[in-house]
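Colleague: First, the structure itself, so that you have it in front of you.
The values are calculated or read from the model by the stated rules, or taken from the named source; none is laboratory data. All of these numbers come straight from a predicted model, not from anything done at the bench. All Cβ positions, glycine included, derive from the backbone under ideal geometry; neighbour counts span all protein chains shown.
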Amino acid sequence: MNKSVFWSDILSKGAILGGVMLASHIFEQVATIYGKSMTWLSIMGFESIIAAVIFVWLLYRFTKQYAQEVMASQGEVKIFTYGNGLSYAVLVSILAGIIVGVGAYVLHNLIIGHEAYVKGMVEALKDALASAQLPSTMMSSYKQMFAQIAAQPAPTIFSTLLSSVWSYLCWGLISALFIAAKTKHEPKLFNNSDNAAE
């Protein structure tokens, strides 16, 4: 398959994966800021585990589909190397990270607003700690942490993108190490019987 087909597949599958992960990110942020209860935080934690499983499953499925398409376009000898699968999965993951980063920036800074976002995060943390019924001495020790969170400046789109891409690059690479091993197809060109006959 030529490079145009490769990049077209990267863009389409990366967009799908990025859209799914962005929807998960939006749900988690909204649940944290507006839920303001341990129930919602528990739901968010459970959802984040499901999102991680979906991420790996989609990345594996997309890589496997691409491997099958590549081998279908080949002749009698069908090859899909470990490097092919690794590079494909990592690039799809990076594109997903770009989409999530842009979406996160728009959500945090343009839709919710940085001040409202930080305020909601602080209140959610306070409510979670209060519901945990921690001693008042421990609660007072968190005041400095809350002050530091509230004093954080609004992130730039560059820093948001960099953080998201780095996160998805790391998780994508870890997943791709195993996915590439599962999707590779490198048939032996010479079998033992041929060697023995020689």
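Colleague: If Val53 passes every condition in (1) within 19 Å of Leu177 (Cβ to Cβ); (2) among the aliphatic types (A, V, I, L, M); (3) surrounded by fewer than 16 Cβ atoms within 10 Å (Cβ to Cβ); (4) in contact with a strand residue (DSSP E or B) (Cβ under 7 Å, 6 or more places away or on another chain) but one, which one does it miss?
Modeller: (4)
Colleague: For region 49-86, which positions are of a type in the set (Ser, Thr, Tyr) and at pLDDT below 90? Before the answer, list the steps.
Modeller: So the first thing to find is which residues in region 49-86 are of a type in the set (Ser, Thr, Tyr), and the list is 60, 63, 66, 73, 81-82.
Across region 49-86, the qualifying residue is only Ser73.
Colleague: Hey, can you tell me all the residues within region 87-116 that are part of a helix (DSSP H, G or I) and at pLDDT below 85? Write out each step before concluding.
Modeller: At the first step, the residues of region 87-116 found to be part of a helix (DSSP H, G or I) are 87-112, 114-116.
Listed by number, the residues that qualify are Ile112, His114, Glu115, Ala116.
Colleague: Right, another one. Does Ser24 satisfy the criteria of being surrounded by fewer than 16 Cβ atoms within 10 Å (Cβ to Cβ) and either part of a helix (DSSP H, G or I) or of a type in the set (S, T, N, Q) (or both)?
Modeller: No.
Colleague: Then there's this: Kindly indicate whether Lys64 is in contact with a Lys or Arg (Cβ under 9 Å, 6 or more places away or on another chain) and surrounded by 14 or more Cβ atoms within 10 Å (Cβ to Cβ).
Modeller: Answer is yes for this residue.
Colleague: List pairs: first residue in region 95-119 and surrounded by 16 or more Cβ atoms within 10 Å (Cβ to Cβ), second residue polar (S, T, N, Q) anywhere in the structure, Cβ distance under 6 angstrom, at least six positions apart or on different chains.
Modeller: Gly97/Ser164; Val100/Ser164; Gly101/Thr160; Gly101/Ser164; Ala104/Thr160; Tyr105/Thr160
Colleague: Is region 37-47 home to any residue that is under 13 Å from the mean Cα position of the chain (by Cα), surrounded by fewer than 18 Cβ atoms within 10 Å (Cβ to Cβ) and of a type in the set (S, T, N, Q)?
Modeller: No: region 37-47 contains no residue that is under 13 Å from the mean Cα position of the chain (by Cα), surrounded by fewer than 18 Cβ atoms within 10 Å (Cβ to Cβ) and of a type in the set (S, T, N, Q).
Colleague: For region 28-48, name all the residues that are of a type in the set (Ser, Thr, Tyr) and either modelled with pLDDT of 80 or more or assigned to a helix (DSSP H, G or I) (or both).
Modeller: Answer for region 28-48, where residues must be of a type in the set (Ser, Thr, Tyr) and either modelled with pLDDT of 80 or more or assigned to a helix (DSSP H, G or I) (or both): Thr32, Tyr34, Thr39, Ser42, Ser48.
Colleague: Could you check region 73-94 and list, in sequence order, the residues that are crowded, with 16+ Cβ neighbours inside 10 Å and in contact with a His (Cβ under 9 Å, 6 or more places away or on another chain)?
Modeller: Correct list: Phe80 only.
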